[in-house]
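Okay, structure first, notes after.
Just so you know, all these numbers are worked out from the coordinates, no wet-lab data involved. On a predicted model such as this, the values are computed, not experimentally measured, just so you know. With ideal geometry, Cβ positions are generated from the backbone for all residues, glycine too; neighbour counts draw on all protein chains shown.
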Amino acid sequence: MTPEELARLHAICFTRPRPWNAAEFQALLADPANFLLMRESGFLLGRTILDEAELLTLAIAPEARRRGIGAALLTGFETQAQARGAATAFLEVASDNAAAQALYAGKGWQNAGCRRDYYGGGTDAVVMLKPL
C-alpha cells in the first residue's frame, strides 16, 4: 500500500480525533523504528524503541472485519516486535471501541490504565499492555 492508500483506509476506519494523512504516513514509514504489516483489506503500523513496542494503528476495512485479519496482523506485530528486541508492548484504544478491546483481550493484552479525553470529545483511551 502506498501512503495515499494507507491514508484512505485510515480515513474510512477512524474519524477522531482525525485520520492520518498521506504525508504523515510517509513520515512514519521513513522512520526505521516503525514497521508496516499489511494484509488484504487491512494494515498495522507499529514501532519499537529499545525493549518496548507500540501498536500505533490497526485499520481493517469495514466490509472485511470479523474475518481474522486483525488477529493475524496482531500476531505479526507481536512477532516483529519480539524480533526487534521488544519485551513488552502497549497500545491505546478508544474506550467505546468494544470490538477492538475484545480482539486485544483475546490475544492476551491487559488493561493498564486510562488516558482521559485522549481522542477528544470526552472519549478516553484504554491503555493495554502485553509482555512479549
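The table that follows gives values for the structure above.
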{"item": "Note, ³J(HN,Hα) from phi for the range 71-84, Karplus 6.51, -1.76, 1.60, rounded to Hz, x at Gly and Pro", "result": "5, 5, 5, 5, 4, x, 4, 4, 5, 5, 4, 4, 4, 8"}
{"item": "The chain: radius of gyration over Cα atoms, expressed as a fraction of 2.2 N^0.38 Å", "result": "0.99"}
{"item": "Extension gain, M38 back to R115 (0.36 nm per residue minus Cα-Cα distance, nm)", "result": "24.9 nm"}
{"item": "Spin-label model distance (nm) - R8 vs L50, 7 Å beyond Cα toward Cβ", "result": "4.0"}
{"item": "Per-residue Cβ neighbour rank within 10 angstrom, fewest leading, Y119, Y104", "result": "Y119, Y104"}
{"item": "Sorted by Cβ density within 10 Å, fewest first, the residues M38, M128", "result": "M38, M128"}
